[in-house]
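Readers should treat all values here as calculations from the given coordinates under stated rules, not as data from a laboratory. Treat the numbers as computed from the prediction; the structure is a model and nothing was measured. Every residue, glycine as well, gets a Cβ built from its backbone with ideal geometry; the counts of neighbours run over all protein chains shown.
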Amino acid sequence: MDFKEMVAADISAVFLNPAEFAEEHDLNGTRCLCVVEGVTAREGFQQSEKYKGYDVVHGAMNVVHVKKAALGEMPVEGEVFKVDGEIHYVHSCAENMGMLTICLRANISGWG
């Protein structure tokens, strides 16, 4: 088994294993196993890049890790992206060895 095959096996067996990290979520109408993580205040302060995106979006930032094949298409910056029915906006999306890392921004009521 070569390295790429081992990584592909680890994606399902470890990272997207519901007994380990993954949970089922609705991503833009598609139910799939993924890891949804919130960014802590500490991580937010440590980011060197200041967010200069969409003026109307204030509040939470989440990161979704999911198999590219599960979504069908790669989200693009600025796109509306729903996680379990909650509206987010795609800040960035990167693909690496069949996995997508989608950085999302969500509005929090009462801000702005």
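Odds and ends about this structure:
- The length gained on full extension between M1 and A19, counted as 0.36 nm times the residue separation minus their Cα-Cα distance, comes to 4.0 nm.
- With θ taken as phi - 60° and the Karplus curve 6.51 cos²θ - 1.76 cosθ + 1.60 applied, the whole-hertz 3J(HN,Hα) list for the range 60-76 is 7, 10, 10, 10, 10, 10, 8, 5, 4, 4, 5, 8, x, 9, 7, x, 10 Hz, x standing for glycine and proline.
- Label-to-label distance, N96 versus D84, with points set 7 angstrom from Cα along the beta-carbon direction: 2.5 nm.
- For K68 and E37, the FRET efficiency from 1/(1 + (r/R0)^6), where r spans their Cβ atoms and R0 equals 25 Å, is about 0.90.
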